[in-house]
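Written below as structure tokens is the structure these notes are about.
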């Protein structure tokens, strides 16, 4: 909903298992390992987003993303060839890459290298080495290709998780406004972290979560 409200001037394509192969080709061994559950849905999704962006360019964002504006996205599309959020450790130049929001031109070298790494890994191995395997591959790519990482804006992902952390708590409009004025991109979740959060979300009609479910206008001027 927030995507169509904020980006009516974009072509929005919803990718699912039924239409996926209309857009990209994948090696048979990748499809076979996915159908046998050797490759998880998470890792298969990583492969899909890389192959789609490599071929077409554009934006990828997970279904759990909510937008409350579009200026930042327009700026990223207009001014960068490749973008992903990063996590920076305080006082350190070390970083890890996050894959839930990606923007790229077609055939960007970062995506081509990531595609090669994913395909070669799953052709050789059947071990789900890490949940964030794709982020590890991108981190490796950027650590060994200084010219590529220099092109990626140094933007930390932490602010994009502020609203997610607030979901089970009592709705506070002032804090909500602070969050959406801080960032237009919000990484939410469909998962409960513990039973207490689950009960708060499911039984309380006055949480951030319940507010978002009833909100019909996902913009930074809705309050």
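The values are calculated or read from the model by the stated rules, or taken from the named source; none is laboratory data. Here the structure is a predicted model, which is why all the values come from computation and not from measurement. No Cβ is skipped: glycine too gets one built from the backbone with ideal geometry, and neighbour counts run over all protein chains shown.
Please list, ordered by residue number, the helices (runs of 4 or more DSSP H) wholly in the stretch 131-219 having 3 or more residues that are modelled with pLDDT under 90.
On the way: elements: 133-144, 146-149, 162-166, 173-182, 195-203, 208-214.
It comes to 133-144, 195-203, 208-214.
Please work out which residue is farthest from residue 31 (Cα to Cα), limiting yourself to the stretch 133-146 and to residues that are in contact with a helix residue (DSSP H, G or I) (Cβ under 9 Å, 6 or more places away or on another chain) and buried (at least 17 other Cβ atoms within 10 Å of the Cβ).
Checking each candidate, the answer is 142.
Would you check if residue 96 is within 30 Å of residue 8 (Cα to Cα) and either within 18 Å of the chain's Cα centre (by Cα) or loosely packed, with under 14 Cβ neighbours inside 10 Å (or both)?
Numbers: within 30 Å of residue 8 (Cα to Cα): no; either within 18 Å of the chain's Cα centre (by Cα) or loosely packed, with under 14 Cβ neighbours inside 10 Å (or both): yes.
Against the criterion (within 30 Å of residue 8 (Cα to Cα) and either within 18 Å of the chain's Cα centre (by Cα) or loosely packed, with under 14 Cβ neighbours inside 10 Å (or both)), residue 96 does not qualify.
Show me the helices (runs of 4 or more DSSP H) entirely contained within the stretch 14-114 in which 1 or more residues are farther than 30 Å from residue 167 by Cα, assigned by TED's automatic domain parsing to the domain that holds residue 150 and in contact with a strand residue (DSSP E or B) (Cβ under 7 Å, 6 or more places away or on another chain).
Values: elements: 28-35, 41-56, 71-79.
So the answer is 41-56.
Got a number for residues in the stretch 108-130 being crowded, with 20+ Cβ neighbours inside 10 Å and modelled with pLDDT under 90?
Here the count works out to 0.
Is it the case that residue 29 is farther than 18 Å from residue 102 by Cβ and surrounded by 14 or more Cβ atoms within 10 Å (Cβ to Cβ)?
On the way: farther than 18 Å from residue 102 by Cβ: yes; surrounded by 14 or more Cβ atoms within 10 Å (Cβ to Cβ): yes.
It is true that residue 29 is farther than 18 Å from residue 102 by Cβ and surrounded by 14 or more Cβ atoms within 10 Å (Cβ to Cβ).
For the stretch 41-59, how many residues meet the condition of being out of contact with any helix residue (DSSP H, G or I) (no Cβ under 7 Å at 6 or more places or on another chain), modelled with pLDDT of 95 or more and either surrounded by fewer than 19 Cβ atoms within 10 Å (Cβ to Cβ) or over 25 Å from residue 186 (Cβ atoms) (or both)?
Number satisfying all stated conditions: 3.
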